[in-house]
Amino acid sequence: MANEEIASAFREIGRLLELKGESLFQVRAYGKAADRLVEAGDLAELIREGKLTDIPGIGKAMAEKIGYFMATGAIPQLEELRREIPQGVIDLAGLSGLGPGRVRKLRDEIGVESVEALEAAIQSGQAADIKGFGPKLLKNLRSGIDLWKRVRGLRLHMAGRREAEEIVSRALESGAPAAAPAGGIARGMETIDRVTVVIAIDEPAPLLNRLAAGLTGTDQTAETLCYTGRSELPIEIITVPPARFGGKLLLLTGSAAHLEQLKPIAETAGVELSGLSPARGDAPLEASNEAEAYQALGLPMIPPELREGRGEIEAAQQGRLPRLLESPDIRGLFHMHSTWSDGKATIEEMAEHAISLGLEYIGLADHSRSAGYAGGLSPDRLRAQSEEVARLNEKLAPFRIFHGIESDILAEGELDYEDELLGILDFVVASIHSRFGLEREAQTARLIRAVQNPHTTILGHSSGRLLLAREPYEFDSEAVWDAARTNDTVIELNAHEKRLDVDWRDIPAVRERHLLISIGPDAHDRRGLETLDMGIRIARKGWLTKEAVLNTMGRDEVTDWLGERKKRTTSA
């Protein structure tokens, strides 16, 4: 947690320094330091041993900032930068197409210091007078402003989960018999607008006072505590007697649609579920956990991820709830990068970390040659990498490294190498990284051609979205899934918290065609191999079972599967 938080703070310092126009050397130094900190190990121990400066890129000044943060939870330089640079300017810098240089132009030339002011300047034509702000950029900025309006107040799931888990941990350490996140966090939603934690405790006041200590701007009652967290999300802590914990958690976790569908069931069962059923003198729900709460309604336990009002209650009534995918089901991982392209760890380091996590194999997929921005591999480097993988497979056996590539899907749907070179690989992840603005028909044709290529094993992050930052491109998903079915192409569920793509709402349509799904971390460092949790939550939201996921196969089974697929590719 400390490593992630300090790395995030250093990245923010770098961004704010860039907005101020400070030297790129200084900006990049903070970015590189952040990358190193993520994998630096126990920072408290390094501080005790005086070894912070042993971390590459961490000098005396940065070490002092880390030590101060560990002691106080703050970095004075960051606080000062936040005071200097208006939040509106920071929001501007987050718009696609507006780098720090353009943000400074807007401030210096027409005094724009917020997204709202930029929108007004575009509407009045004032922005068009700035050199470099042509029609195409202005069109993109309008789209970016529309997206910004829609996602204001939202944060990525893990930003809220980290705070929720910290609260749960403190509550349990303080003697509370039970505590758990509720709401969108419990349901595994990709983005959230608040953090809700339910705590079971008979006498809440001492615990709430401890949790409130040191916080500012709190709103506290006898049973609740509300404040704004580090993630800038509103945090609400709700306490209940242990005998009512399960019912409260159920009520605060289910989506509006799920709770609405529970209402007649509660009425029939004669159960008053905190306002779900009318006040008819129904018996209050006494349930110490959620399984008991659902049992009181005559239902089996419905996993939190499914509580979206999309058929889960009917399935529960009919005994058709699936056994959803779980973390121990995953035997290996496809789609990760190394220092051969834009990764931060060597192939061997990634493999050894995977071994330490109990995995049986990894699928290496560095960037292809068209991804020059990410150190994409030339044909010669790809062949050399194949030799390196073979050497490591001998050294690390029985662990297996499958050699693949994340091939850019080019403008017309071609892959990035000739067939002969693709033929030496164990698998290919085909992904779009450019030309997101193609018309729907052209983008669909591009994707279909890519999955029709017999060398394409996996279609990577199919919609191209970046949560809270970039909308998915337009394409006919049904037509693409049909083409994938015809060509036996696996669909990736990219587990990176900014992607989580394919969208869980689309997974049922993928599975209707009996397509396999690969849950890939898109890892660029060792810690990235540990972020699969969110991908599994999304898989569960899509009703995925173990049998539907490629990387639940063991090493030998997946070796055979890839081998059989390669034979078909050769025949094609």
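The values are calculated or read from the model by the stated rules, or taken from the named source; none is laboratory data. Everything numeric here is computed off the predicted structure, so don't read it as measured data. Note that we place each Cβ from the backbone using ideal geometry, even for glycine, and neighbour counts take in every protein chain shown.
Would you mind stating whether Asp329 is more than 21 Å from His461 (Cα to Cα), free of Cβ contacts under 8 Å to residues at least 40 places away in the same chain and surrounded by fewer than 19 Cβ atoms within 10 Å (Cβ to Cβ)? Answer is no for this residue. How many residues are buried (at least 21 other Cβ atoms within 10 Å of the Cβ) and either among the aromatic types (Phe, Trp, Tyr) or not in a helix (DSSP H, G or I) (or both) when one looks only at the stretch 1-39? Residues meeting the conditions: 2.
Taking the listed residues Glu414, Glu441, the one that is surrounded by fewer than 18 Cβ atoms within 10 Å (Cβ to Cβ), modelled with pLDDT of 95 or more and part of a helix (DSSP H, G or I) is Glu441, with no other qualifying. Pairs meeting the criteria (first residue in the stretch 383-401 and assigned by TED's automatic domain parsing to the domain that holds Glu349 and of a type in the set (A, V, I, L, M, F, W, C), second residue modelled with pLDDT under 95 and in a helix (DSSP H, G or I), beta carbons under 9 Å, at least 6 apart or on different chains) are lacking.
Of the helices (runs of 4 or more DSSP H) lying entirely inside the stretch 496-572, those containing at least 3 residues that are aliphatic (A, V, I, L, M) are 507-512, 532-541.
Taking the stretch 185-212 as the range and being of a type in the set (S, T, N, Q) and in contact (Cβ under 8 Å) with a residue 40 or more places away in the chain as the test, the residues that pass are Thr191, Thr196. Could you check, for the stretch 351-358, whether at least one of its residues is outside any helix (DSSP H, G or I), touching a residue at least 12 places away in the same chain (Cβ under 8 Å) and either assigned by TED's automatic domain parsing to the domain that holds Glu564 or touching a Phe, Trp or Tyr at 6+ places or on another chain (Cβ under 8 Å) (or both)? Checked the stretch 351-358: at least one residue is outside any helix (DSSP H, G or I), touching a residue at least 12 places away in the same chain (Cβ under 8 Å) and either assigned by TED's automatic domain parsing to the domain that holds Glu564 or touching a Phe, Trp or Tyr at 6+ places or on another chain (Cβ under 8 Å) (or both). Residues that are part of a helix (DSSP H, G or I) and touching a residue at least 60 places away in the same chain (Cβ under 8 Å): does the stretch 113-121 have at least one? Within the stretch 113-121, not a single residue is part of a helix (DSSP H, G or I) and touching a residue at least 60 places away in the same chain (Cβ under 8 Å). Just checking, does the stretch 333-350 include any residue being surrounded by fewer than 22 Cβ atoms within 10 Å (Cβ to Cβ), assigned by TED's automatic domain parsing to the domain that holds Gly404, assigned to a helix (DSSP H, G or I) and touching a Leu at 6+ places or on another chain (Cβ under 9 Å)? Looking through the stretch 333-350, at least one residue is surrounded by fewer than 22 Cβ atoms within 10 Å (Cβ to Cβ), assigned by TED's automatic domain parsing to the domain that holds Gly404, assigned to a helix (DSSP H, G or I) and touching a Leu at 6+ places or on another chain (Cβ under 9 Å). The residues of the stretch 205-220 that are polar (S, T, N, Q) and either out of contact with any Cys (no Cβ under 8 Å at 6 or more places or on another chain) or not assigned by TED's automatic domain parsing to the domain that holds Ala171 (or both), listed by number, are Asn209, Thr216.
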